[in-house]
Amino acid sequence: MNTILSYLLLVASPVIVDGGHIAKVVGVRDASGQCICTMHLANVVFPAPKVEQLESDFYNLTNQLQEQLNEIYNGRNNMSIITTNLTDLAARIKYAKTYGTHIDLNFDKVINDLQSVISVAHDISKNATTDSTKKMIDNLIDQINKINTAVTTMEGHDKNNIVTIQREINTLQKKLQECEEAIASGAGLANVSMAPPVGDCNHGGILKVSDPVLVKLNWKGSDFKAGSWGKDFAVGTKLPHHYWVFPLNKDERTLENYRLYSSYKKLLIYSPVREYSLNIRNNPNCEDCGQGAGVIFFNGSFYYNCFDSRALCKADPFSMRISRENIKDQDPASFNNWFSYKGVKYQDIDLAGDEKGLWMVHGSTLSNGKLVIKKVDPDTLEVGVPWITSQSKDALSNSFMICGVLYATKRKNSTHDQINYMYDTNTGRESNINIFIEKPLPTVQSLNYNPNDRKLYMYNDGYLVSYNVTFARSKVMGDVAANEQQQVSGAEEEHSLVKRGSQSPTSQDHPSSDSIGNQQEYQEETPVTVTVAKRETMKEDGHIVASQ
């Protein structure tokens with residue numbers, strides 16, 4: 001042992017002890033002769049600084065982990081809120097797609113707007129210079145009061161369905177502003193459009209069409225692009241306040257289910273929710289159904305092109321009775337999508353109603369698609385003598401009748417159609433016009449004029465749209481208005497109004513002599529005969545009854 005220690009004291013180079021390197025060894029002997037050594041190790045086996053660093057890192061990581069856990073906890077809460085909101089939004093979107101979009105409005109603001117309009121109307125009425133102007137303002141005030149009553153009722157029941165009320169207010173405000181400006185400028189009654197009484201055709205044709213009023217989405221939803229809607233289109237109808245919505249099935253051909261509402265308010269709030277069907281016998285072939293969006297509601301009954309046939313059908317929604325008339329002549333109406341309107345399916349036969357009665361517009365087979373107008377007897381469904389136009393039906397986007405005058409439209413672009421053609425069955429004359437109609441969506445599936453409220457009703461890619469129609473004055477009405485203004489203001493300027501189409505009172509239900517003369521050549525070559533085969537079906541006490 002002593003020998004080893006002595007050797008260690010003498011060795012200058014490091015030695016290895018238990019794997020560690022000894023830099024140097026310094027030793028002394030104590031009194032007893034034992035060697036006491038002090039050794040300095042070059043590398044310490046236990047890494048204390050690293051442990052301290054690890055402790056610090058662990059502390060920092062613990063804090064970061066806690067922060068992450070807090071964020072995850074908050075994220076779960078936020079995710080729960082977002083999920084709830086998305087669920088609610090999904091439900092709202094589904095409702096909107098099914099029943100139409102609605103916007104919550106401030107009732108206080110609407111009521112204040114109504115009061116302001118009423119106040120302005122009364123002021124204008126006081127300044128009216130003629131009885132006719134005062135009468136017109138009083139009629140506007142009556143309309144405003146009716147709207148005020150409707151708003152008050154809606155406020156207590158449903159705050160989501162007064163969008164149309166707001167639009168009607170804006171329309172009335174514009175009318176009042178026009179009246180006020182006319183009176184202030186001294187123009188008086190001569191330049192203010194005065195609509196003739198209901199059923200009166202003493203006007204000069206369409207002057208302009210208002211901006212569209214987007215009422216709502218049809219009750220089946222946005223997937224049902226084609227269809228028709230409106231009021232009862234017969235003058236003096238027994239159902240003057242009823243509205244109907246008739247979307248076609250998704251095939252854009254089959255006319256099967258519809259809803260009938262007893263008022264405009266009930267149309268807006270889908271009340272009552274009652275669905276009718278033309279398929280009264282639940283036949284898979286739907287023999288009693290219709291096809292195309294040419295359907296119309298006229299004096300309490302629906303008139304339409306019977307499914308997969310050239311026949312006309314009449315359906316009474318209250319008695320569930322369906323009548324059918326097979327129409328055969330030497331120039332038969334096309335059907336099954338031969339000559340429909342451009343961009344519209346299966347509307348070969350288009351029914352229309354106006355001041356003169358019930359009409360049928362269709363493509364002519366012998367004239368290779370020219371548009372033909374025929375009068376229809378609402379009771380027997382028999383058709384009269386045709387008026388042949390120069391227009392190809394499949395080049396037009398739609399048409400409607402006013403006072404026996406057909407107005408046809410053409411697509412200009414995705415936002416506008418143009419009323420570009422008119423044919424007067426009273427005189428047999430046709431002409432080109434230029435009146436634009438703004439549309440919310442590209443395709444006009446159906447377009448009809450109602451003589452009772454002088455509005456156009458458009459079914460536009462699933463949406464229900466309406467327009468106010470303004471007529472030009474006839475020469476007689478223009479002269480009366482000018483004379484009234486001259487008496488009031490003392491002015492001697494002449495008032496002239498352009499009459500867009502001449503009207504003749506010679507015949508209301510049949511072509512005039514001029515019309516027959518214009519078509520004589522056609523009729524001599526293809527004489528018109530009508531063969532009637534009549535079949536009626538009805539349901540009595542739950543049983544189907546058919547008669548020939």
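Numbers for the structure displayed
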{"read-out": "Two-site label geometry, residue 69 and residue 115: point separation in nm, points 7 Å out along Cα→Cβ", "value": "6.0 nm"}
{"read-out": "Estimated distance in nm for a label pair at residue 275 and residue 380, the labels positioned 7 Å out from Cα along Cα-to-Cβ", "value": "3.9 nm"}
{"read-out": "Which of 136, 79, 458 has the fewest Cβ neighbours within 10 Å, and the rest in rising order", "value": "79, 136, 458"}
{"read-out": "Pairwise FRET efficiency - residue 210 versus residue 145, Cβ, R0 = 25 Å, nearest 0.05", "value": "0.70"}
{"read-out": "Loop sites in the range 324-431: GluC sites (Glu not before Pro), DSSP, at most 16 other Cβ within 10 Å", "value": "382"}
{"read-out": "Fully extended contour minus Cα-Cα distance, from residue 77 to residue 434, at 0.36 nm per residue", "value": "122.5 nm"}
{"read-out": "P(r) tail fraction, the range 362-465 - alpha-carbon pairs more than 25 Å apart, %", "value": "21 percent"}
{"read-out": "Quotient of C-alpha Rg and 2.2 N^0.38 Å, computed over the range 193-321", "value": "1.15"}
{"read-out": "Largest-first principal axis extents of the Cα set of the range 245-337 (Å)", "value": "47, 27, 23"}
{"read-out": "Residue order, fewest to most surrounding Cβ atoms within 10 angstrom, among 57, 200", "value": "57, 200"}
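Every number here is computed from the coordinates shown, using simple stated rules; none is lab data. Since the model is a prediction, treat every value here as computed from it, not as a measurement. Every residue, glycine among them, receives a Cβ derived from its backbone with ideal geometry; neighbour counts consider all protein chains shown.
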